[in-house]
1. What net charge is computed for the residues neighbouring K71, neighbours being all others with C-beta under 15 Å from the C-beta of K71, Lys and Arg scored +1, Asp and Glu -1?
2. Leaving ligands, DNA and RNA out of it, work out the accessible area of K196 with a 1.4 Å probe and give it in Å² to the nearest 10.
3. Just how large is the dipole of the range 91-162 about the Cα centre, in debye to the nearest 20, putting +1 at every Lys and Arg Cβ and -1 at every Asp and Glu Cβ?
4. How would you classify the range 140-208 from its alpha-carbon gyration tensor, with a ≥ b ≥ c the square roots of the eigenvalues: rounded for a/c under 1.5, else prolate if a/b is greater than b/c, otherwise oblate?
5. Which of the GluC sites (Glu not before Pro) found in the range 139-239 are loop residues per DSSP with 12 or fewer other Cβ atoms within 10 Å of their Cβ?
6. In Å², what does the accessible area per residue of the range 297-339 work out to with a 1.4 Å probe?
7. Just the C-alpha atoms of the range 290-339: what Rg/Rh do they give, with Rh taken as the Kirkwood radius?
8. Along its principal axes, what span do the Cα atoms of the chain show, with the longest given first and each in whole Å?
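The values are calculated or read from the model by the stated rules, or taken from the named source; none is laboratory data. Quick caveat, the model's predicted, so the values are computed rather than measured. Quick reminder, even Gly has a Cβ in these numbers, built from the backbone with ideal geometry, and neighbours come from all protein chains shown. Ligands, DNA and RNA are excluded from the accessible area calculation, which covers all protein heavy atoms including side chains. Shrake-Rupley method; radii C 1.70, N 1.55, O 1.52, S 1.80 Å.
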Amino acid sequence: MAVGHRQVEKQNDIYNNEVGKIRGPESAMRVGVMMGGWSPEKKVSLMSGKNVVDGLRQAGIPATRVELDLKDKNEKHLEKRLKAGRFDAVFIALHGGFGEDGTLQALLDKWGIAYTGSGALACGLAMHKGCSKLVFEANRIPTANWQALHKSLDKSKWPKEVKLGLPLVVKPADVGSAIGVTIVRKKGELVRAIQKAFQFSQWSIVEKFIPGREVTVTVLGERALPVIEIVPHNDFYDYDAKYTPGHSTHLVPARIPAKAAKKVKEYALRAGKAMGCRDYYRVDFIVPPQGEPRILEVNTVPGMTSTSLVPDAARAVGISFPQLLKKLVLMALKRKGKG
């Protein structure tokens, strides 16, 4: 089944107008949906957050929009704000630094507030692509050859420091949504690509470009959902292809051999377990024409926009968007002994 972005938008409207709304004791809950923030992914976070608020309300769960701004960098201010909301749990829809790197998760643990998704350590490991690579390699999960460069390294030494042959992918170490990513096909493009990555992070990751099909696996609980193939209409799955309706297509099932699909599911579960992920996360791969699938990254706070992949994966196994959100909130509450 091919799912284009326009189809996803249409189906998302159906979510928000479901006839069979999910009702029950959950209607007495109060859930704060944290979104916005100050990372380069703020715009995406706001889109995810709006969808989550709408979906939770369709699930019969009162949801309150909690948009973070620069004032919330003050921990006491944020703690007071969240506790004033008297939330049973918060749904984290903050992408990028603070919301996805474990900082927010550590604070919520400290304050005793239930929240969706993985804990602080797993989020930190997943967010930093260099740390992720070390975890993958330690657990024998195939990944592209790579190097890490720190911003303190003299610019004149960048080309000599990179030992990998072209083509290459250069990306910031701890930013998502394909922000700051460049595919380098010519030697003269390398310095500019590294410079671009350093605009968003202190570390730049340089890895060997692996041609093949890009696929993703959502893990829900301890279950790997169907493998989805991502077909960007741009040169690669960049920010525009991710979030502009009609600029990419999601294929379910992915057009890869059954053996490869089994492998990526196995690797997704192994990577999540090695990092300590829980509840839900998304793992991205490249499947080359020959050889083993290569893991790209683990997303512990994956997008929930109208063009996002996690809702597609859930829908492929008969779980609607409101049902998915309800399940994630109940997982968070159960962990705190509230569900």
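1. With Lys, Arg at +1 and Asp, Glu at -1, the net is 0.
2. My reading of the accessible area for K196 is about 80 Å².
3. 280 debye
4. Rounded, since a/c falls under 1.5.
5. In loop regions of the range 139-239 (DSSP not H, G, I, E or B), the sparsely surrounded GluC sites (Glu not before Pro) are E222.
6. Per-residue accessible area for the range 297-339 comes out at 31 Å².
7. 1.11
8. Computed over the chain, the largest-to-smallest principal extents equal 60, 46, 34 Å.
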